[in-house]
1. What list of ³J(HN,Hα) couplings, whole Hz, do you get for the range 20-27 from phi and the Karplus terms 6.51, -1.76, 1.60, once you set θ to phi - 60° and write x for glycine and proline?
2. Please work out the average accessible area per residue across the range 9-91, using the 1.4 Å probe convention, and give it in Å².
3. Charges on Cβ only, +1 for Lys and Arg, -1 for Asp and Glu, centred on the Cα centroid of the range 13-63; of Pro41, His17, Val54, which one is farthest towards the dipole's positive end?
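The values are calculated or read from the model by the stated rules, or taken from the named source; none is laboratory data. Quick caveat, the model's predicted, so the values are computed rather than measured. All Cβ positions, glycine included, derive from the backbone under ideal geometry; neighbour counts span all protein chains shown. Heads up: the accessible areas ignore ligands, DNA and RNA and are worked out on the full protein's heavy atoms, side chains in. Shrake-Rupley method; radii C 1.70, N 1.55, O 1.52, S 1.80 Å.
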Amino acid sequence: MLGLWESGNMPLRMTNHVAFRVELEDLLEAPARLNGMGIIPRGFDGEPSDEAVVLAWMPAASVYFLDPDGNQLEFICMLPEPPRPELGVLAWSDWRNRTLQQAPR
């Protein structure tokens, strides 16, 4: 998967983004593991986060973090549910609540 990001205005600063496909179970454990190593797990907009986020238009679950050089690294796992682009980006717990509410009974 290739992600392309737009650069802002000057002064130009380049950072790289690399995503690693992982299993969902490992991704959901990643925030706690990263915290345990002194690495701050981050959400889609770079804010600190204690859980994965879901990019609902794909849908995929992701956890972001920075390497020592400031490059953005991502753990990503595609989800089996249908895309929900109207939801944008949301916390894993919110996604699970929404998908569980819509599951056939």
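1. Along the range 20-27, the couplings run 10, 6, 9, 6, 4, 4, 5, 5 Hz.
2. On the way: 5080 Å² over 83 residues.
I get 61 Å² per residue for the range 9-91.
3. Positive-most Cα among the choices belongs to His17.
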